[in-house]
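The next block holds one structure in the form of structure tokens; read it before the comments.
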Amino acid sequence: MSPARPSPHRKSPGPLPGTRRLAGEPGVAQGVAQGPAQQAATEPLAALPAKVAAKVPALLTAVLSALLIIAAPARADEYAEVNRLSRNGQPQQALARAEAHLASKPRDPQMRFMRAGILVELDRKDEAEKMLVALTQDYPELPEPYNNLAVLLAARNELEQARAALEMALRNDSAYATAHENLGDVLAQLAARSYAKAMELEPSRQRIAPKLELLRQLGQKPPQP
């Protein structure tokens, strides 16, 4: 699955696009940051570090993206610095910087989204999931948090929950290509489960085998954010 990446294309208030801003504080963009800690946020899962990508189901493209904010220079600089630290392989420093920012602006959706991406890179996925869930509650109109939450759910093989999260993302933004792709991957994996169950119950249903094999091949593609 693909997580949302840092991109200055969408404007707030508005949905958290893979390349847009999160809605929330005036003029704040939302997303996940890129880098060792934020590549989970700004690049396709394929771009994630091997150690992270290996833990995410190959069938899903996780887009953890951090959208750079177009706002006051001071705020933009803060996001850029967190993103820079993350990209330079300094996730702990990036996290410390993000948390310092959130100490004074706890509702900032952009930085919260970036922090979630850093936590994934640090293999603190439970904390990242809680932050993404909180974002969907505080900013239910944003599609990106739902998409990235689906990535984590799919990694635990909770495909029905991942599907529900992706459907919410698409309800918020029907033109969100990443969520469409990720939903297709999840549905393909669910279909593979059903075919496998049918074969188990009635091995004589040989026409299912080619379909199952095709879906299994689709599931072997490397993950991308």
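Quick check on GLN90: is it at pLDDT 85 or above and surrounded by fewer than 20 Cβ atoms within 10 Å (Cβ to Cβ)?
Details: at pLDDT 85 or above: yes; surrounded by fewer than 20 Cβ atoms within 10 Å (Cβ to Cβ): yes.
Answer is yes for this residue.
Looking at ALA103, ALA116, which one is of a type in the set (A, V, I, L, M), under 27 Å from ASP77 (Cβ atoms) and buried (at least 24 other Cβ atoms within 10 Å of the Cβ)? Working first, answer last.
Working: ALA103 fails: buried (at least 24 other Cβ atoms within 10 Å of the Cβ).
Just one listed residue meets the conditions, ALA116.
For segment 194-213, how many residues are without any contact (Cβ under 8 Å) to a residue 12 or more places away in the chain and not polar (S, T, N, Q)?
The initial filter retains those residues of segment 194-213 that are without any contact (Cβ under 8 Å) to a residue 12 or more places away in the chain, namely 194, 197-198, 200-207, 209-210, 213.
Those still in the list that are not polar (S, T, N, Q) too: 197-198, 200-203, 205, 207, 209-210, 213.
Here the count works out to 11.
Can you tell me how many residues in segment 199-216 are of a type in the set (A, V, I, L, M, F, W, C) and either in contact with a Lys or Arg (Cβ under 6 Å, 6 or more places away or on another chain) or not in a helix (DSSP H, G or I) (or both)? Outline the logic, then answer.
Initially, segment 199-216 is screened for residues of a type in the set (A, V, I, L, M, F, W, C), giving 199, 201, 208-209, 212, 214-215.
Cutting the leftovers down to either in contact with a Lys or Arg (Cβ under 6 Å, 6 or more places away or on another chain) or not in a helix (DSSP H, G or I) (or both) gives us none.
Counting residues in segment 199-216 that are of a type in the set (A, V, I, L, M, F, W, C) and either in contact with a Lys or Arg (Cβ under 6 Å, 6 or more places away or on another chain) or not in a helix (DSSP H, G or I) (or both) gives 0.
Can you confirm whether ARG124 is farther than 21 Å from ARG87 by Cα and surrounded by fewer than 21 Cβ atoms within 10 Å (Cβ to Cβ)? It would help to see each step written out before you state the result.
Values: farther than 21 Å from ARG87 by Cα: no; surrounded by fewer than 21 Cβ atoms within 10 Å (Cβ to Cβ): yes.
So ARG124 fails the test.
Sort out for me the helices (runs of 4 or more DSSP H) sitting completely within segment 70-173 that have 3 or more residues that are out of contact with any Phe, Trp or Tyr (no Cβ under 6 Å at 6 or more places or on another chain) and farther than 30 Å from GLY184 by Cα. If you could, list the steps in order and put the result at the bottom.
Working: elements: 73-87, 91-104, 109-121, 125-138, 144-155, 159-172.
Of the helices (runs of 4 or more DSSP H) lying wholly inside segment 70-173, those with at least 3 residues that are out of contact with any Phe, Trp or Tyr (no Cβ under 6 Å at 6 or more places or on another chain) and farther than 30 Å from GLY184 by Cα span 73-87, 91-104.
ALA188 fails exactly one of the following numbered conditions: (1) modelled with pLDDT under 85; (2) assigned to a helix (DSSP H, G or I); (3) within 13 Å of ALA154 (Cβ to Cβ). What is the number of that condition?
(1)
Could you check segment 131-154 and list, in sequence order, the residues that are under 13 Å from the mean Cα position of the chain (by Cα) and either more than 12 Å from ALA169 (Cα to Cα) or among the β-branched types (Val, Ile, Thr) (or both)? Outline the logic, then answer.
Taking segment 131-154 as the starting set, the residues that turn out to be under 13 Å from the mean Cα position of the chain (by Cα) are 131-133, 135-136, 142-154.
Hits for segment 131-154 are MET131, LEU132, VAL133, LEU135, THR136, VAL151, LEU152, LEU153, ALA154.
What is the one condition in (1) over 25 Å from ARG87 (Cβ atoms); (2) modelled with pLDDT of 95 or more that LEU132 does not satisfy?
(1)
With respect to PRO225, is the statement that it is at pLDDT below 90, buried (at least 21 other Cβ atoms within 10 Å of the Cβ) and not hydrophobic (A, V, I, L, M, F, W, C) true?
Taking the combined requirement at face value, the residue satisfies it.
Of the conditions (1) at pLDDT 95 or above; (2) closer than 27 Å to LEU119 by Cα; (3) over 13 Å from the mean Cα position of the chain (by Cα); (4) of a type outside the set (Ser, Thr, Tyr), ASN157 fails just one. Which one is it?
It fails just one condition, (1).
Of the residues ALA162, ALA188, only one is of a type outside the set (Lys, Arg), in contact with a helix residue (DSSP H, G or I) (Cβ under 6 Å, 6 or more places away or on another chain), touching a residue at least 40 places away in the same chain (Cβ under 8 Å) and surrounded by fewer than 22 Cβ atoms within 10 Å (Cβ to Cβ); which? Step through it out loud before you land on a result.
Numbers: ALA162 fails: surrounded by fewer than 22 Cβ atoms within 10 Å (Cβ to Cβ).
Of ALA162, ALA188, the one residue that is of a type outside the set (Lys, Arg), in contact with a helix residue (DSSP H, G or I) (Cβ under 6 Å, 6 or more places away or on another chain), touching a residue at least 40 places away in the same chain (Cβ under 8 Å) and surrounded by fewer than 22 Cβ atoms within 10 Å (Cβ to Cβ) is ALA188.
The values are calculated or read from the model by the stated rules, or taken from the named source; none is laboratory data. Note that this is a predicted model, so its numbers are computed, not measured. Every residue, glycine as well, gets a Cβ built from its backbone with ideal geometry; the counts of neighbours run over all protein chains shown.
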